[in-house]
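Scroll down for the structure; my scribbles are underneath it.
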Amino acid sequence: MTDKNDSIINTKLQDAVLYEAPLPENSSGSAGLITPPADAAQEERDVFYMRLAMAQARLAASMSEIPVGAVIVDPSGAVIAQGCNRTLTNHDPSAHAEMLALRQAGILQARYRLTDLTLYVTLEPCIMCVGALIHARVKRVVFGAYDPKTGACGSMFALMGDKRHNHRIEVKGGVLYPECAAMLQRFFKERRKLLKAKKLSPSALSAVKQGHPVKGARRSEDA
Ligand SMILES: [Zn+2]
């Protein structure tokens with residue numbers, strides 16, 4: 001990617017007020033140009049980008065959001081967009097990491113069909129995100145932890161592979177699975193401890209789990 005493209009990306013990023021976190025920088029300090037070694041095998045590249053998605057997930061955790069992060073990579077290997085779960089922060093049920101990254105990629109590239117891009121996300125996408133990824137005609141999706149409760153790439157729903165869709169997305173799951181899953185488990189363990197410390201009654205705890213606000217406790221929502 002040229003310097004001109006780099007400056008276009010940075011200018012558009014400044015305009016994209018939806019997203020606060022800057023794109024990762026490479027060793028020369030150029031945002032959006034971070035890439036794995038040129039001779040890295042696909043498997044190594046997937047791990048490389050999943051670690052960037054995990055950095056986004058940590059950002060979500062720092063905002064008391066369920067830690068899920070995503071990055072989008074173009075055919076040259078440059079990270080062009082990223083997102084972390086912000087449903088509580090944005091008061092937006094659609095503000096999943098994948099959705100925010102897709103929106104950012106669309107704005108940057110001034111198109112909504114993202115046919116040549118790969119999305120990396122730390123948790124198996126839900127039905128909403130799979131729907132958006134199919135609409136966007138994304139080429140490839142790589143995810144970390146499997147989600148037996150809401151995953152739509154085969155764990156709970158097999159939406160991604162449904163033959164009735166007119167677009168096929170190449171899917172790879174389980175990249176850095178132990179690390180991605182451990183991050184989520186740590187988050188929920190900490191939250192349970194917090195709720196216990198607040199001495200919530202079982203009914204209040206149940207209300208929190210269902211996403212209803214309870215005095216003295218942060219609201220809980222699904223990632
Ligand atoms: Zn989702």
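Output the peptides 103-113, 120-130, 35-45 sorted from most to least packed, where packing is the average of other Cβ atoms within 10 Å over each peptide's residues.
120-130, 103-113, 35-45
Would any residue of the stretch 101-130 have its amide N under 19 Å from a label point 7 Å out along Cα→Cβ of D162? List them or say none.
124-130
Kindly flag which residue pairs out of K149/K199; K149/K189; K149/K196 have an alpha-carbon separation exceeding 22 Å in this structure.
K149/K199; K149/K196
When a/c is below 1.5 the answer is rounded, else prolate if a/b is larger than b/c, else oblate, so apply that to the stretch 118-161 with a ≥ b ≥ c taken from the square roots of the Cα gyration tensor eigenvalues. If you can, show how the numbers build up before the last one.
Details: a/c = 2.08, a/b = 1.31, b/c = 1.59.
In terms of gyration-tensor shape, oblate.
Taking the simple approach of a point 7 Å from Cα along Cα-to-Cβ for both E190 and A38, what is their distance in nm?
4.0
What fraction of the Cα pairs in the stretch 92-143, stated in percent, has a spacing above 17 angstrom?
24
Per q in 0.15, 0.19, 0.23 1/Å, what log10 I(q)/I(0) does a Debye calculation on the alpha-carbon atoms of the stretch 108-195 return?
Scattering profile of the stretch 108-195, log10 relative to I(0): -0.59, -0.84, -1.08.
Sort I169, I66 so the one with the fewest other Cβ atoms within 10 Å of its own Cβ comes first.
Taking fewest neighbouring Cβ atoms as first place, the list is I169, I66.
Could you tell me whether the stretch 43-171 comes out rounded, prolate or oblate from its Cα gyration tensor? Rule is a ≥ b ≥ c as square roots of the eigenvalues, rounded for a/c under 1.5, then prolate if a/b exceeds b/c, otherwise oblate.
rounded
Rule-based calculations on the coordinates, nothing more; no lab input. Keep in mind that what you see is a predicted model, and the values were worked out from it rather than measured. We place every Cβ from the backbone using ideal geometry, glycine too, and count neighbours over all the protein chains shown.
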